[in-house]
Each structure stands twice: as structure tokens, then as C-alpha cells.
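Single-structure report; data block below.
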Amino acid sequence: RAFANCKELENIEIPKSLEDVYDTWDNLYTPEGVFSGCSNLKEVTFEEGTTLIADGMFNGCDGLEKIEIPEGVTQIKEFAFADCKNLQVVDMSDTVTEVGISAFEGCENLNTLKLSKGLVASGEKSFANCKELEKVEIPKSLIDVIDTWDSLYVPQGMFYGCSKLKEV
């Protein structure tokens, strides 16, 4: 959590060498990543050659309004952009094959979502509670929605709680 809650941070370039970060968990359910809670972070760019966006990396970064996932990124891990309340646009390159559980959950203002045409697996609740999302095109390549189901938990879909979603 080296930069967590850094209110002065406005933009960052993620180097391709950053393959994973060690996160902590604020409770039993949500990881807090290296930039969690950086509320004034407005722009994130990824160095060419980046292949992965780590668990919880930008969780709760309310300043983010648009994210472009560049060519080369294949995985967006669990809770990577969860609870980015002002995130409106997500544009994934077609190299993304996996989106983790709750990766964009709680992005309440997300209204434009371009999924990767190469997406094979997406986690349960990966876009849950994105209340402004009205339409999404599911790629033909998607074959698995990863869930965390066990005897104490009923699985929820990728778009659980997306109350305005009308066109799929």
C-alpha cells in the first residue's frame, strides 16, 4: 500500500515490470492495493508491454473517469478498479482474456463499457452495481464466469445490480 490514500497523486504511469503487488485486505472481502483510495488520481497510463493489472491496484480511486486498457494486457485481477465511483468509461483492448472477480464492482457511474473481443473468462460480480450501465456487448469468446460459490454463498452474475442494463 505504498501510495494508498495519497490525495496529491493525480497521474501515474505503470511500468511493465510491475507484475504484481502485495496487497492487504481491509476486511475479509476487499483487497487494498498500492494506489487504493487515491481520490484525486485522474489519469493512469500503462507502459507498453504491461501484461497484468494487479489485485485491488486502483480500488476506490474516485478521481478516475476513464480507463483504457492497452494492447498486451491479458489479465485484470480481482478488485483492480472496484469502487471507482466516478469511472464512466472502460475501453479494453482485445488482448484482455480474463477479468477478475469484482474487478469493476461498484463503479456506479460506469456508462460506457467496451469488453475485449478476446475475453474468455470474467469473474463473478466483475461489473456488479454499475448502476449507469445501460448496454453491453458480450464477446463470443466468453466461455466462463468464474464464481466463488460454496455452501454458504449464492453466486451472483457479472452484471448483478446493474439496474439500468437493458441491452446485452
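The values are calculated or read from the model by the stated rules, or taken from the named source; none is laboratory data. This structure is a prediction, so every number in the text was calculated from the model and none was measured. Ideal geometry is used to build each Cβ from the backbone, glycine not excepted, and the neighbour counts take in all protein chains shown. Heavy atoms of the whole protein, side chains included, go into the accessibility calculation; ligands, DNA and RNA do not. Shrake-Rupley method; radii C 1.70, N 1.55, O 1.52, S 1.80 Å.
Here are a few things to note about the model shown:
- Inclusion of Gly123 among residues that are touching a residue at least 40 places away in the same chain (Cβ under 8 Å), open to solvent by less than 50 Å² (accessible area, probe 1.4 Å) and not β-branched (Val, Ile, Thr) is warranted.
- Tabulated pairs, the stretch 157-168, first closer than 9 Å to Glu134 by Cβ, second part of a loop (DSSP other than H, G, I, E, B) and of a type in the set (Phe, Trp, Tyr), C-beta under 6 angstrom, 6+ apart or interchain: Leu165/Phe159
- As for the stretch 14-32, it holds no residue that is assigned to a loop (DSSP other than H, G, I, E, B), buried (at least 24 other Cβ atoms within 10 Å of the Cβ) and either at pLDDT below 95 or of a type in the set (Lys, Arg) (or both).
- Meets criteria (at pLDDT 95 or above and part of a loop (DSSP other than H, G, I, E, B)) for Asp94: yes
Residues are listed down the side, and each one gets a yes or a no for (1) touching a residue at least 40 places away in the same chain (Cβ under 8 Å); (2) of a type in the set (Ser, Thr, Tyr); (3) in contact with a helix residue (DSSP H, G or I) (Cβ under 9 Å, 6 or more places away or on another chain):
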| site | (1), (2), (3) |
| --- | --- |
| Gly33 | yes, no, no |
| Gly60 | no, no, no |
| Leu64 | no, no, no |
| Ala80 | yes, no, no |
| Leu87 | no, no, no |
| Asp91 | no, no, no |
| Thr95 | no, yes, no |
